[in-house]
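Below you'll find the structure, written out as structure tokens, and then a few comments.
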Amino acid sequence: MKKIVGIILFVLLLAAAAAMAQEAEDITAGASVKASSTDRRYKTFAMDCALDRDFNTMWKSAKERRANLEIKSPEPVYGIYLCNGTEKLEPWVVEIPEGKSWTVAARGEGIYGHEYLALDGLTHFRIRLEATGQKVFAITELYLLGEGEVPGWVQRWQPQPEKADLMILVGHPDDEMLFFGGMIPTYAGEYGMNVVVCYMTCNYPGRRSELLNGLWYCGVRTYPDIGTFWDKYSLKLNTQYDTWGKATVLSYVTGLIRRYKPEVIATHDVNGEYGHGAHRVCADACLQCVTQAADPNKYKPSVSEWGTWQPKKLYIHMYKKDQVEFNWDVPLASQDGKTGYETAVEAYKLYVSQQQPQYQVEPRGSEKSCYLFGLAYSAVGPDVLKNDPFENIDPATLTNWQGE
């Protein structure tokens, strides 16, 4: 009898464990979502645009003191996944009704473009920016989750690393997939190294959502650095420098290096892949700043904030000197056997606004192959094996190093 009871208890425990491990469902469709106000100038700003699963549309409020979305759900809500469409991120709150007023039940940090916030099974609440002045609140997508484990597709970002293994500097969202291919899923996703992707420009919240979706798919968990330079197309290096201010750019890139202290930097082709001035600036600035970042007399404001730093290596896409062809065709366990290149191809599909025939994740052997780089600077000698950007770097300085 005791044996039977034991078996029954064991089965019940297994059932309970399975229930606890069940993934939370998206219950948004069953909820009522009402906007306090809506910017009615464009259809893409309508309230339903926060629920259409299209990251290039959004709900955008009119400018008012407490713009909000009020939500009533027949099922208890245990989590909110909010994809913020507000250009300047700010803290936000979840409020519940209390008599004739509302009281704060939970707070979102407002430091990540996509943010998850756990709730205690609420059925009636509202979401608004914490600041109470005349503000515009915007949401590209809103997900309400039921009880259970948070799904893997819900992005729960970690802070930017204090010390990076690899820093990738690109001009725009999607460049990191097109021209750096398997580098990100291999080192961030497979090896779990500290990879920080830095963007010079990102002028629209929809593009921010796309880059976050792409990086998350590749296994990046530390939040990227998203710059505020305005994207203006040019075909000349000096024209782009004139647009952004050369001293401003060099100070900015030097600051990025000092802040993240990368062992290795990778950036664009000196000729901009297809001539883009923003890409040219990234390469030119890195060539100058890779050594200037170690000079305490250069750009002193960032010295006082982060100190100086000397990266060990700088790789430039398609660089003619000391070329190396990395191998992004190795199957990755973190991607269920897909290679780094295949992962980047899949991730690029999440950049919906950039799906144009002339753009692709550049394959091995193509003119702009994402496998092909050159060692433009090294403080640790030349590459010999030419199979790992971290060759010759002390493993003790790296996160989760898995090289030879």
**Request:** Check Cys370 against each of (1) open to solvent by less than 60 Å² (accessible area, probe 1.4 Å); (2) assigned to a helix (DSSP H, G or I) and name the one condition it does not meet.
**Result:** (2)
**Request:** Provide a single number: the residues in the stretch 121-173 that are open to solvent by less than 10 Å² (accessible area, probe 1.4 Å) and either closer than 30 Å to Asp269 by Cα or free of Cβ contacts under 8 Å to residues at least 40 places away in the same chain (or both).
**Result:** 9
**Request:** Quick one: which strands (runs of 3 or more DSSP E) lie wholly within the stretch 137-222 and hold at least 3 residues that are in contact with a helix residue (DSSP H, G or I) (Cβ under 8 Å, 6 or more places away or on another chain), more than 27 Å from Gly245 (Cα to Cα) and at pLDDT 95 or above?
**Result:** 138-145
**Asked** Looking at Lys246, is it basic (Lys, Arg), at pLDDT 95 or above and open to solvent by 10 Å² or more (accessible area, probe 1.4 Å)?
**Response** yes
**Message:** Condition (residue is in a strand (DSSP E or B), at pLDDT 95 or above and among the aliphatic types (A, V, I, L, M)) applied to the stretch 375-393: is it met by at least one residue?
**Reply:** yes
**Request:** Could you tell me whether the stretch 273-291 includes any residue that is over 25 Å from Ala347 (Cα atoms), free of Cβ contacts under 8 Å to residues at least 24 places away in the same chain and over 23 Å from the mean Cα position of the chain (by Cα)?
**Result:** no
**Complete:** The condition from (1) farther than 23 Å from Phe55 by Cα; (2) over 24 Å from the mean Cα position of the chain (by Cα); (3) not β-branched (Val, Ile, Thr) that Pro357 misses is numbered (1)
**Item:** Top-ranked residue of the stretch 20-34 - restricted to ones that are crowded, with 16+ Cβ neighbours inside 10 Å, under 28 Å from the mean Cα position of the chain (by Cα) and of a type in the set (A, V, I, L, M), ranked as farthest from Met58 (Cα to Cα)
**Value:** Ala24
**Request:** Could you tell me which numbered condition Glu25 fails, if it satisfies all but one of (1) under 30 Å from Ile139 (Cα atoms); (2) at pLDDT below 95?
**Result:** (2)
**Prompt:** Mind checking which pairs have a first residue in the stretch 331-343 that is on the phi > 0 side of the Ramachandran plot and a second that is open to solvent by 80 Å² or more (accessible area, probe 1.4 Å), Cβ under 9 Å, 6 or more apart or different chains?
**Reply:** Gly337/Pro331
**Fill in**
Note on the stretch 298-311: residues part of a loop (DSSP other than H, G, I, E, B) and open to solvent by 50 Å² or more (accessible area, probe 1.4 Å) are Lys298, Tyr299, Thr308, Trp309, Gln310
**Residue among Tyr187, Tyr223 that alone is buried (at least 22 other Cβ atoms within 10 Å of the Cβ) and touching a strand residue (DSSP E or B) at 6+ places or on another chain (Cβ under 9 Å)** = Tyr187
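The values are calculated or read from the model by the stated rules, or taken from the named source; none is laboratory data. Keep in mind the model is a prediction, meaning the values are calculated, not measured. FYI the Cβ positions are ideal-geometry reconstructions off the backbone, even for glycines, and counts take in every protein chain you see. Protein only, heavy atoms only, side chains kept; ligands, DNA and RNA dropped before computing areas. Shrake-Rupley method; radii C 1.70, N 1.55, O 1.52, S 1.80 Å.
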